[in-house]
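**Q** Have a look at the structure that comes next, please.
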Amino acid sequence: MNTIVEWVLDLMDRIGGPGIAFGIALENLFPPIPSEVILPLAGFTASQGRYTMLEAVLWATLGSVLGALALYGLGRALGLQRLRLIAQRMPLVDVADIDKADAWFGRHGGKAVFFGRFIPGIRSLISIPAGIDRMSLVTFLALTSAGSLLWNSLFVWLGYRLGAHYHLVEQYMDPISKAVYALIVLTALGVVLWMVRRSQRRRHDPDDRLDLETGD
């Protein structure tokens, strides 16, 4: 991971703004690459006169949008019907789970896409259900751009203000990011445990099996 980050940072140093865009796009596709490292360094580089802070923010936001678009396209290519067919072949998963998740996203997807830009891990993954739900591309781009612009502006500005001490941003954000990732993992484990228990209950309860077969 350190090698990947160092390569991205070297790319930023060599080609400037486009390197920022590439690094942030890569961070969207490969979440373990921390934007909390890339963005403050972009701000520090801007403070040295390599480019302006506004240019750093705009290049970073362009990278965020391009990375999110790739994952949105992946979700749109998969589609709800294919996802439902996959769910039918997966142990523990019911098609009803997919339908409920889709209904939830239909009600709250806009807020999820916007506020998801501020949460490590979710920042990348939220683009996939947006594509599966076939959220309007214009809406998706507007919400992603707005959320990314706020997030990127904050960290680029911090790097700009801290100067050579830009690395302090990552130092203080790292525990928060780790806590968020741990919470995501624990939530996923909790969901899996719930699905296992539901499957066991249905094997032993005829009424539950009947409800599953009739869709009640």
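The values are calculated or read from the model by the stated rules, or taken from the named source; none is laboratory data. Bear in mind that the values here come from a model prediction, so they are computed numbers and not experimental data. For neighbour counting, all protein chains shown are included, and Cβ atoms are generated from backbone atoms with ideal geometry for every residue, glycine included.
**Q** Can you tell me which condition residue 50 does not meet? The list is (1) within 21 Å of the chain's Cα centre (by Cα); (2) not in a helix (DSSP H, G or I), and all the others hold.
**A** In the conditions (1) within 21 Å of the chain's Cα centre (by Cα); (2) not in a helix (DSSP H, G or I), residue 50 misses (1) alone.
**Q** In addition: When you scan the stretch 117-170 for helices (runs of 4 or more DSSP H) that lie fully inside it, which ones turn up with 2 or more residues that are modelled with pLDDT under 90 and over 16 Å from the mean Cα position of the chain (by Cα)?
**A** Values: elements: 122-125, 127-132, 137-162.
Output list reads 137-162.
**Q** May I ask you to verify whether residue 61 is surrounded by fewer than 20 Cβ atoms within 10 Å (Cβ to Cβ), part of a helix (DSSP H, G or I) and at pLDDT 90 or above? Talk me through it step by step, then tell me what you get.
**A** Values: surrounded by fewer than 20 Cβ atoms within 10 Å (Cβ to Cβ): no; part of a helix (DSSP H, G or I): yes; at pLDDT 90 or above: yes.
The answer is no for residue 61.
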